[in-house]
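Remarks on the structure that follows.
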Amino acid sequence: MKTVKIGLLGFGNVGGGAFHILSENKELIAKRTGVAAEVTRILQRNRNKKRLFAADPALLTEDPDDIIKAPDIDIVVEMIGGIEPATSFMCQAMENGKHVVSANKAAIAANYRLLTETARKNNVEFLFEASVAGGIPVLSALAGPLGANNFLEITGILNGTTNYILTKMTEEGLSYEEVLKDAQAKGFAEADPTADVEGIDAANKLSILIALAFGHYVAPDAIPTVGITGISAADIEAAENAGQKIKLLARASLREGMVEYLVAPAFLDKSHPLAGVNNEFNAVYVTGDMVGELMFYGRGAGPLPTGSAICGDIISIIRKRFSL
Ligand code: HSE
């Protein structure tokens, strides 16, 4: 059986999750694609950090060039997060003829044109399903099965940390600070939760959705963004009394041929499908001119849901480029 060699850049929660799935479901993936997907190298810079999943120490390297420039690596999976050096690593990998999969919403949103153009110029695949709404396959759906639609509106709960905080404030009457600590302990919140609670993470994901759905790149810092740090227990109670819930919504819509966009907390009637999306779950509510309204729902964070999306992208690349 043909073997496709995979290099992982990053071995934190997401890297560990992807590695675990590729090991655990190795035979299933081989059976479905006719190709063996093998992780042959892992960039792990901090060897002392506690890991959820273990890898053979012989696979580990501290030098990114062992992956980006290695002639024997076919697919590079970038999971180090942050804009740099992640963007440069991805571009270099593509320039060296490697297909790239990434979960890195910040780097993709900031450098969408550079990354997609570098992939095109080098005739390699660049897939990033895991970067928006974790395990929910919304990007592939927009580009594939929904590709015959003009999108009229996309509204998402795209950040698990803030949704978890708002849910616990609503259901258990806890304060913002108490729940944030809990979300960090559970591993949804970023190491620095500023990007989560200020809405920046949701704006990064909305920028990627806009690029795919509306064919129009909007830099994340051009998206008007309000986070949840100003939401008080009194606001939550006022919403409750009005039969509503407060959710951090990322919304893009088409109005008279122009795309309008915003990330901000919003009052939603409890009857709205997005009002029932609780805890760390994400959802994306899409209106297409032909299909009408549909909603995608699932886990938007965590090692295995995010790893699942990464492995799905790896499988797509194998089918397109390596299967007979
Ligand atoms: N910190 C992000 C969230 C992780 O809470 O949704 C997934 O992108």
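The values are calculated or read from the model by the stated rules, or taken from the named source; none is laboratory data. In this text the structure is predicted, and so the values were computed from the model without any measurement. Neighbour counts run over all protein chains shown; Cβ positions are idealised from the backbone, glycine included. Just the protein is used for accessible areas: all its heavy atoms, side chains included, with ligands, DNA and RNA removed. Shrake-Rupley method; radii C 1.70, N 1.55, O 1.52, S 1.80 Å.
Using the Kirkwood formula on the Cα atoms of the stretch 141-298, what hydrodynamic radius do you get, in angstrom to one decimal?
15.9
So what is Rg over Rh here for the chain, counting just Cα atoms and using Kirkwood for Rh?
Value, to two decimals: 0.98.
Accessible area of the chain with a 1.4 Å probe: how many percent of it is carbon plus sulfur?
With neighbouring chains kept in place, the figure for the chain is 51 percent.
Taking a 1.4 Å probe, which of Phe11, Phe214 shows the most accessible area, and what order do the others take after it?
The ordering from most to least exposed comes out as Phe214, Phe11.
Find how many whole Å separate the alpha carbon centroid of the stretch 47-104 from the alpha carbon centroid of the stretch 106-135.
15
What residue among Ala213, Ala238, Ala18 shows peak mean-square fluctuation when the chain is described by a Gaussian network model with Cα springs under 10 Å?
Ala238
Ile42's amide H: which non-local residues (gap 5+, or another chain) put their own amide H closer than 5 Å, with H modeled 1.01 Å from N in plane and none for Pro or chain starts?
Placed amide hydrogens put Leu8, Leu60, Thr61 under 5 Å from Ile42.
Quick check: residue separation of Thr116 and His216 times 0.36 nm, minus the Cα distance between them. What number comes out in nm?
Length gained, Thr116 through His216: 34.7 nm.
Find how much the distance from Glu153 to Ser175 grows on full extension, using 0.36 nm per residue of separation minus their present alpha carbon separation; answer in nm with one decimal.
4.7 nm
Evaluate the distance, in nm, between pseudo-label points positioned 7 Å from the Cα of Asn46 and of Glu84 along their respective Cα→Cβ axes.
Distance between the two pseudo-spin positions: 2.1 nm.
I'd like the accessible area for Lys49: 1.4 Å probe, protein heavy atoms, all chains in place, Å² to the nearest 10.
Lys49 exposes around 120 Å² with every protein chain in place.
In whole percent, what relative contact order does the stretch 141-298 give with Cα contacts below 8 Å and a gap of six or more residues?
Averaging sequence separation for qualifying contacts and normalising by length gives 34 percent for the stretch 141-298.
Can you list residues from other chains, or at least 5 along the same chain, whose modelled amide H is less than 5 Å from the amide H of Glu190?
Long-range HN contacts for Glu190: Asp196.
Quick one: accessible area per residue over the stretch 141-298, 1.4 Å probe, rounded to a whole number of Å²?
Computed with neighbouring chains in place, this is 44 Å² per residue.
Assuming 0.36 nm per residue, please report the length gained on full extension of the stretch Asp235 to Ala264 beyond their Cα-Cα distance.
Length gained, Asp235 through Ala264: 9.0 nm.
Enumerate lysine pairs in the stretch 1-140 that are 8 or more residues apart or on different chains, then count those whose Cα atoms are under 23 Å apart.
Within the stretch 1-140, the lysine pair count is 14.
Can you give me the long-range amide H partners of Ala301? Hydrogens built in the peptide plane at 1.01 Å from N, cutoff under 5 Å, separation of 5 or more residues or another chain.
Those lying under 5 Å, H to H, from Ala301 are Gly135.
Among all lysine pairs in the stretch 141-298 that are eight or more places apart or on different chains, how many have alpha carbons less than 15 angstrom apart?
6
Enumerate the calculated ³J(HN,Hα) couplings along the stretch 253-270 in order (Karplus 6.51 cos²θ - 1.76 cosθ + 1.60, θ = phi - 60°), each rounded to whole Hz, writing x wherever the residue is Gly or Pro.
9, 9, 10, 6, x, 10, 8, 10, 8, 6, 10, 6, x, 9, 8, 10, 4, 4
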